[in-house]
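Novice: Sharing a structure below in structure tokens format, with a few things to ask.
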Amino acid sequence: MITFENVTKILGQKTVLDGIDVEIKDGETFVIVGASGAGKSVMLKNIVRLLTPDDGRVMIDGDCISEASANELETIREKFGVLFQSGALLAWMSIGENVALPLREKTDMDETEIVDRAREKLALVGLEDSFHKLPSEISGGMVKRAALARAIVRNPRIVLYDEPTSGLDPVTARTIDSLIEQMRRELAVTSVVVTHDLHSALAIGTRIAMLHSGRIIELSTPDAFIRSAEPIVKGFLESQYITKRGSWEGATK
Ligand SMILES: Nc1ncnc2c1ncn2[C@@H]1O[C@H](COP(=O)(O)OP(=O)(O)OP(=O)(O)O)[C@@H](O)[C@H]1O
Ligand SMILES: [Mg+2]
């Protein structure tokens, strides 16, 4: 379980997170939505302690990651796979080697196991033929998928995704949604997904949280989310042509 306890984060002059209290349960696909600059990435970064709260704390399975020692931090971080917004790969290494890297650095698996595992994860994201290619030789969407394969290569219990479907064509985006859903269903993986893609949020989320002005202004199941009476949530849904019935109504003007 991931718990935010009254987390406040100030960056520059801005209170980006303003006393966030939330529990993300094991096996959930917890989706975070909100406008650009709302603090979604900052929230994810606090989970793995790339940022630390100015007030409050983040707990991972009862361990306080915000105050953990270097050793404890290393152990807690073992639980995570992270797909960052940039999805960067090392430019001079093949796709296969990029995916294999966490296994080489953090496990004592032998060469055959490493290559097999990297191939297995690349196949999951539809990149089985790109093992020997360099990042510069594949498309942006393929780089993103390779970064996803790398994030899950160690079979983490918790995966954090920052915009996993942005920049992907709709068909590939739905493949990524299915993969996240499959990991929840079959492996009980806990996922925290930041996305602008409401179709994706509604399809994969067990709960959806909307961040606005440093607070979670709505936290509900997808069904309840699309029926929200909160004006900001309504505006957000309408901007993506999603109606109360959950259908896409298209632009009317
Ligand atoms: N390292 C930093 N130093 C200073 N300000 C920061 C830093 N990181 C984020 N911010 C600020 O915090 C706010 C929230 O940023 P964040 O990256 O979390 O937004 P976001 O919701 O992920 O937006 P987007 O959808 O555009 O990715 C922004 O105002 C941003 O400028
Ligand atoms: Mg962001």
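Since every read-out is calculated from the coordinates, none of them should be taken as a lab result. On a predicted model such as this, the values are computed, not experimentally measured, just so you know. Positions of Cβ are generated from backbone atoms using ideal geometry, with glycine treated the same way; all protein chains shown enter the neighbour counts.
Novice: Which whole-Hz ³J(HN,Hα) couplings does segment 139-148 yield from phi under the Karplus relation 6.51 cos²θ - 1.76 cosθ + 1.60, θ = phi - 60°, glycine and proline marked x?
Specialist: 6, x, x, 5, 4, 4, 5, 5, 5, 5
Novice: Shifting gears a bit: Given H placed on each backbone N at 1.01 Å, which residues far from GLU218 in sequence or on other chains put an amide H within less than 5 Å of it?
Specialist: MET210
Novice: Next question, about the same structure. Modelling each spin label as a point 7 Å along the Cα-to-Cβ direction, I'd like the CYS64/LEU187 distance in nm, to one decimal.
Specialist: Using points 7 Å along Cα→Cβ, the separation is 3.2 nm.
Novice: Then there is this: Report the label-to-label distance for LEU73 and SER166 in nanometres (one decimal), using points 7 Å from each Cα along the Cα→Cβ vector.
Specialist: In this crude spin-label approximation the distance works out to 2.6 nm.
Novice: What span do the alpha-carbon atoms of segment 89-156 cover on each of the three principal axes, reported in whole Å from largest to smallest?
Specialist: 31, 23, 18
Novice: What fraction of the DSSP beta bridges in segment 97-243 is antiparallel, stated in percent and rounded to the nearest 5?
Specialist: Percentage antiparallel, nearest 5: 50.
Novice: Return the calculated 222 nm mean residue ellipticity for the chain, to the nearest 500 deg cm²/dmol, obtained by summing -39500 (n - 2.57) across DSSP H runs with n ≥ 4 and dividing by the residue count.
Specialist: Working: 9 runs with 92 residues, N = 253.
Theoretical 222 nm ellipticity from helices: -11000 deg cm²/dmol.
Novice: What distance in nm separates the simple spin-label points at ASP26 and HIS132, each placed 7 Å from Cα in the Cβ direction?
Specialist: Inter-label distance under the simple model: 4.4 nm.
Novice: Right, another one. Output ³J(HN,Hα) for segment 7-20: one whole-Hz value per residue in order, computed from phi by the Karplus curve 6.51 cos²θ - 1.76 cosθ + 1.60 with θ = phi - 60°, and x for Gly and Pro.
Specialist: 7, 10, 9, 10, 10, x, 9, 9, 7, 6, 10, 10, x, 6
Novice: Could you work out Rg/(2.2 N^0.38 Å) for the chain, with Rg from alpha carbons only? Provide the component values of the computation, followed by the final result.
Specialist: Working: Rg = 18.5 Å, N = 253, 2.2 N^0.38 = 18.0 Å.
Normalised Cα radius of gyration, the chain: 1.03.
Novice: Using a Förster distance of 45 Å, how high is the FRET efficiency between THR112 and ASP55, based on the Cβ-Cβ distance and rounded to 0.05? Each step should come with its number before you reach the end.
Specialist: On the way: r = 49 Å, r/R0 = 1.09.
Result of the calculation: an efficiency of 0.40.
Novice: Could you list, in their original order, any pairs among LYS79/LYS133; LYS45/LYS121; LYS40/LYS133; LYS14/LYS79; LYS14/LYS144 whose Cα atoms are separated by more than 27 Å?
Specialist: Listed pairs above 27 Å: LYS79/LYS133; LYS40/LYS133; LYS14/LYS79; LYS14/LYS144.
Novice: Nearest 0.05, what FRET efficiency do ASP223 and ASN155 give at R0 = 25 Å with Cβ-Cβ as r?
Specialist: Here the calculated transfer efficiency is 0.20.
Novice: Still on this structure, I have one more. Considering only DSSP beta bridges whose two residues both sit in the chain, what percent are antiparallel, to the nearest 5? Don't jump to the answer; show the numbers that get you there.
Specialist: Values: 21 of 38 bridges.
Beta bridges within the chain, antiparallel portion: roughly 55 percent.
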